[in-house]
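Student: Pasting in a structure now, in C-alpha cells, and then I'll have a few things to ask.
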Amino acid sequence: MRALIETFKTIRARHRAARRAGLRSYTVVLDWTAKEYAHYAPEVVHVRASSPLAAEMDALLQAAKAHVMHVDQFEGLEGRALLLEAGNQMKVVATFTGTHTAVHSDHF
C-alpha cells in the first residue's frame, strides 16, 4: 500500500512540474497515407508538449517507434531521419488539447 501511495505522489509531482514547465496534454490522431499500410488503424497518441506543432512531431516519432518492426521504411532509422520518414508514411488528421479517447459503441 505504501508503494502505491508513493507512486501516486510521484505522478502528481511530475504533473505539477510539467505544468510549471509549460507542457500541456495533447491528443494527436494520425492516419496512414501509404497504400501498403492503409489497412492499419489510425493512431491516437497522447503526448505532453509545449505547442501543438511539438505535439504532432512527438506523436509522429512515438508512432514510428511503435511500428519500427512492422514498417519496412522505419527499420534502421533513428532521430530526425525516423521523424521525416514518419511524416512521409503518416499524416496528422487532428490535434486536440487535452487527453481524449475514442468511443466505440454499437448504439450509433
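The values are calculated or read from the model by the stated rules, or taken from the named source; none is laboratory data. For clarity, every value in this text was computed on a predicted model and none was experimentally measured. Glycine gets a Cβ as well: all are built from the backbone with ideal geometry, and neighbour counts include every protein chain shown. Calculation scope for accessible area: heavy atoms of the full protein, side chains included, ligands and nucleic acids excluded. Shrake-Rupley method; radii C 1.70, N 1.55, O 1.52, S 1.80 Å.
Student: Ordering R80, R16 by accessible area with a probe of 1.4 Å, largest first, what comes out?
Tutor: Working: R80 190, R16 95 Å².
Sorted descending by solvent-accessible area, the residues read R80, R16.
Student: A further question on this structure: Hey, rough spin-label estimate for E75 and A94, points 7 angstrom out along Cα→Cβ, what's it come to in nanometres?
Tutor: Placing both labels 7 Å along Cα→Cβ, they lie 3.5 nm apart.
Student: How would T95, T101 rank on accessible area, largest to smallest, probe 1.4 Å?
Tutor: T101, T95
Student: What net charge is computed for the residues neighbouring L82, neighbours being all others with C-beta under 14 Å from the C-beta of L82, Lys and Arg scored +1, Asp and Glu -1?
Tutor: -3
Student: How high is the FRET efficiency from L84 to T7, r the C-beta distance, R0 35 Å, rounded to 0.05?
Tutor: With R0 = 35 Å, the Cβ-Cβ based efficiency is 0.40.
Student: At q = 0.12, 0.13, 0.16 Å⁻¹, what is the base-10 log of I(q)/I(0) for the chain according to the Debye formula with one equal point scatterer per Cα and no solvent? Please give it to two decimals.
Tutor: Cα-only, vacuum Debye calculation for the chain: -0.52, -0.60, -0.81.
Student: Kirkwood hydrodynamic radius of the range 48-93 from all distinct Cα pairs, in Å? Intermediate values should be presented prior to the final figure.
Tutor: Numbers: mean 1/r = 0.0942 Å⁻¹.
10.6 Å is the Kirkwood radius here.
Student: Right, something else. Hey, what's the range 2-55 come to in accessible area per residue, 1.4 Å probe, Å²?
Tutor: Accessible surface, normalised per residue, equals 69 Å².
Student: What number, in percent, do you get for the relative contact order of the chain if the mean sequence gap of Cα pairs under 8 Å and at least 6 apart is divided by its residue count?
Tutor: It comes to 32 percent, rounded to a whole number.
Student: In what order, largest first, do T99, T27, T33 sit by accessible area if the probe radius is 1.4 Å?
Tutor: Highest to lowest solvent-accessible surface, that is T99, T33, T27.
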